[in-house]
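Engineer: Sharing a structure below in structure tokens format, with a few things to ask.
No lab work stands behind these numbers, since they all come straight from the coordinates. Fair warning: this is a prediction, and the values are worked out from it, not measured in the lab. Cβ placement follows ideal geometry from the backbone for every residue including glycine, while neighbour counts extend to all protein chains displayed.
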Amino acid sequence: MRTFLNFFALAFGALLPVINPIGSSLVFLGMVGEAPKGVYRTLARKIAISTALFLLAMDVAGAMVLKLFGISLPVVQFAGGIVLASIGWGLLNKGETPEKEDATSPPSDPSPLSGKIFYPFTFPVTAGPGVLVVMLTLSAHASKGGILQIVVAQLGVLAGMALMCIAVFIFYAYAPLITGKISASTAQGILRVIAFILFCIGVQIAWNGFSALEKSAGMLSR
């Protein structure tokens with residue numbers, strides 16, 4: 001029981017800052033725009049399921065996939081950071097909310113957005129390159145010890161992942177409520193700040209990957 005709780009707390013605590021469901025929900029809100037509550041809940045459910053499957057795949061086969069294609073973690077960080085920064089830049093330069101005549105008929109069908117469930121809603125907005133690094137680390141830690149200990153540890157990791165995906169669903173489904181009681185101009189300001197932070201996070205992740213690659217190249221040249 002102690003091993004289960006330790007890995008549950010470790011998984012949830014490690015995933016919380018890199019997924020950041022509150023901040024990610026604001027990015028999600030900015031990307032979807034004006035839409036009925038039902039659309040947000042439908043998309044939130046699909047994104048939460050997609051995120052759960054993505055985390056599970058990374059836990060089970062992430063390291064094997066990277067090894068199969070000969071991809072290192074610094075390369076994933078560098079490439080993923082660039083993608084994340086480009087999304088943040090796009091949101092930062094996105095036009096204002098449509099005027100009232102356009103907002104009177106918001107999309108009631110989530111199907112046009114369904115093609116974006118995995119990219120970019122799941123990856124990299126919800127679960128970016130940092131999540132990949134965290135999952136590979138958690139998987140390595142949970143795979144040590146005897147068979148029983150490994151099983152219990154993996155169950156703890158799965159429980160932490162499940163709770164995180166539930167949090168993603170809740171915050172994404174009710175994202176409009178986050179800005180529902182503030183003025184449109186204030187909401188736009190908040191979204192611009194979040195977009196800028198997302199851009200900075202992407203640049204930081206890419207820089208970390210580049211620094212690791214540069215360090216590795218320097219060691220090889222000696």
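Engineer: Taking the chain as a Gaussian network, Cα atoms linked when under 10 Å apart, which of Pro36, Pro124, Pro112 shows the biggest mean-square fluctuation?
Structural biologist: Among Pro36, Pro124, Pro112, the largest GNM mean-square fluctuation belongs to Pro112.
Engineer: Which whole-number percent is the relative contact order of region 2-221 (Cα, under 8 Å, 6+ apart)? Write out the running numbers ahead of the final one.
Structural biologist: Working: 253 pairs, mean separation 109.3, N = 220.
Once normalised by length, the contact order is 50 percent.
Engineer: With +1 on the Cβ of every Lys and Arg and -1 on the Cβ of every Asp and Glu, and nothing else charged, how large is the dipole of the chain about its Cα centre, in debye rounded to the nearest 20?
Structural biologist: Values: 14 positive and 8 negative charges, 112 e Å.
That gives a dipole near 540 debye.
Engineer: Using Cβ counts within 10 Å as a stand-in for footprinting exposure, how do Ser114, Ser24 rank, fewest first? Intermediate values should be presented prior to the final figure.
Structural biologist: Numbers: Ser114 12, Ser24 24.
In order of increasing Cβ crowding within 10 Å: Ser114, Ser24.
Engineer: How far is helix 147-173 tilted off the main Cα axis of the chain, in degrees rounded to 10, range 0 to 90?
Structural biologist: It works out to around 10 degrees.
Engineer: Across the chain, how many lysine pairs, 8 or more apart or on two chains, come within less than 19 Å at their alpha-carbon atoms? Working shown, then result.
Structural biologist: Values: Lys37/Lys46; Lys37/Lys100; Lys37/Lys116; Lys37/Lys181; Lys46/Lys116; Lys94/Lys116; Lys100/Lys181.
Count of close lysine pairs: 7.
Engineer: Taking the 0 to 90 degree range and rounding to the nearest ten, how far is the long axis of helix 73-92 tilted relative to the main principal axis of the chain, both from C-alpha atoms?
Structural biologist: 10 degrees
Engineer: Which one of Leu158, Gly88, His141 has its Cα pushed farthest toward the positive end of the charge dipole of the chain, where Lys and Arg give +1 and Asp and Glu give -1 at the Cβ?
Structural biologist: So the residue furthest toward the plus end is His141.
Engineer: For the chain, modelled as a GNM with alpha-carbon contacts under 10 angstrom, which of Leu84, Leu53, Leu191 fluctuates the most?
Structural biologist: Leu53
Engineer: Considering the options Ala173, Cys200, Ala14, tell which one lies farthest towards the positive end of the dipole of region 2-221, charges being +1 on Lys and Arg and -1 on Asp and Glu at the Cβ, about the Cα centre.
Structural biologist: Ala14
Engineer: With a 10 Å cut-off between alpha carbons and a GNM built on the chain, which of Lys144, Lys94, Lys46 moves the most?
Structural biologist: Of Lys144, Lys94, Lys46, the Gaussian network model singles out Lys144 as fluctuating most.
Engineer: Between 0 and 90 degrees, rounded to the nearest ten: what's the tilt of helix 184-221 against the longest Cα principal axis of the chain?
Structural biologist: Between the helix axis and the principal axis of the chain, the angle is about 30 degrees.
Engineer: Taking all pairs of different Cα atoms in region 2-221, averaging 1/r and flipping that mean, what Kirkwood radius in angstroms comes out?
Structural biologist: Details: mean 1/r = 0.0540 Å⁻¹.
Roughly 18.5 Å, rounded to one decimal.
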